[in-house]
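Have a look at the structure below before the remarks.
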Amino acid sequence: MFAVIKTGGKQYKVKVGDLLKVEKLDVEEGKTIKISDVLMVVDGDKTTVGTPNVKGATVSAKVNSHGRGPKIKIVKFHRRKQYRKQMGHRQAYTELSILKISEKK
């Protein structure tokens with residue numbers, strides 16, 4: 001059984017036991033959250049597609065940790081114009097472990 005969920009403006013395919021890094025959520029470590037933006041649920045041969053969300057379907061996940069990703073370098077450069085600019089960025093994330101996928105019938 002797996003599901004497609006939407007969080008942080010992105011879509012993720014998840015199944016029970018997966019570790020997932022998503023955009024930073026404002027939830028304490030160790031807490032359990034329920035994600036109700038479930039776009040699709042597949043259970044064996046049975047597929048349920050939402051319009052846009054599957055009614056009654058939720059995904060339970062535990063917040064393992066918060067962190068920041070690797071540094072990304074941004075370079076802006078105009079040749080022959082004496083212009084060069086460098087910046088860096090580290091994206092914040094929340095690591096989730098998927099506990100349960102439930103679909104209300």
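The values are calculated or read from the model by the stated rules, or taken from the named source; none is laboratory data. All of these numbers come straight from a predicted model, not from anything done at the bench. Every residue, glycine as well, gets a Cβ built from its backbone with ideal geometry; the counts of neighbours run over all protein chains shown.
Of the residues 49, 27, which single one is under 16 Å from residue 103 (Cβ atoms) and not polar (S, T, N, Q)? Result of the check over 49, 27: 49. For the stretch 2-21, the candidate set comprises residues that are under 11 Å from the mean Cα position of the chain (by Cα) and assigned to a loop (DSSP other than H, G, I, E, B); within that set, the residue that is farthest from residue 93 (Cα to Cα) is 9. Strands (runs of 3 or more DSSP E) fully within the stretch 22-71 that include at least 2 residues being of a type outside the set (Phe, Trp, Tyr) and touching a residue at least 12 places away in the same chain (Cβ under 8 Å): 32-35, 38-43, 57-68. A count restricted to the stretch 72-86 and to residues that are under 30 Å from residue 21 (Cα atoms) and either touching a Leu at 6+ places or on another chain (Cβ under 9 Å) or not in a strand (DSSP E or B) (or both) stands at 0.
Quick grid of which residues meet (1) among the small types (Gly, Ala, Ser); (2) out of contact with any Phe, Trp or Tyr (no Cβ under 9 Å at 6 or more places or on another chain); (3) at pLDDT below 95:
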| position | (1), (2), (3) |
| --- | --- |
| 16 | no, no, no |
| 22 | no, no, no |
| 27 | no, yes, no |
| 34 | no, yes, no |
| 41 | no, no, no |
| 44 | yes, yes, yes |
| 51 | no, yes, yes |
| 72 | no, yes, no |
| 79 | no, yes, no |
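Residues in the stretch 36-46 include none that are buried (at least 16 other Cβ atoms within 10 Å of the Cβ), of a type in the set (Gly, Ala, Ser) and under 28 Å from residue 1 (Cβ atoms). Of the residues that make up the stretch 44-60, is at least one on the phi > 0 side of the Ramachandran plot and either within 17 Å of the chain's Cα centre (by Cα) or not small (Gly, Ala, Ser) (or both)? No: zero hits.
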